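Some notes on the structure that comes next.
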């Protein structure tokens with residue numbers, strides 16, 4: 001089995017970002033960037049996107 005360390009690391013980074021979005025959604029944290037309030041749906045989209053990318057990269061890193 002070929003180990004692809006960069007792909008595995010990228011998968012872990014995406015998983016951590018997914019967990020950050022999930023934490024924001026769960027705890028109801030408000031995020032404001034230069035006076036603009038970021039809606040919660042942005043974190044929902046971000047969580048789904050990073051979860052999908054994380055799973056895809058993890059599976060890619062395990063291919064022979």
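Can you tell me which of 26, 54, 43 is in a helix (DSSP H, G or I), loosely packed, with under 11 Cβ neighbours inside 10 Å and within 17 Å of the chain's Cα centre (by Cα)?
On inspection, the qualifying residue turns out to be 26.
Let's see how each residue does on (1) without any contact (Cβ under 8 Å) to a residue 40 or more places away in the chain; (2) in contact with a helix residue (DSSP H, G or I) (Cβ under 9 Å, 6 or more places away or on another chain):
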residue	(1), (2)
16	yes, yes
19	yes, yes
24	yes, yes
28	yes, yes
32	yes, no
37	yes, no
40	yes, yes
46	yes, yes
54	no, yes
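We did not get these values from a lab; they are worked out from the coordinates using the rules stated. Because the structure is predicted, anything quoted here is derived from the model rather than measured. Note that we place each Cβ from the backbone using ideal geometry, even for glycine, and neighbour counts take in every protein chain shown.
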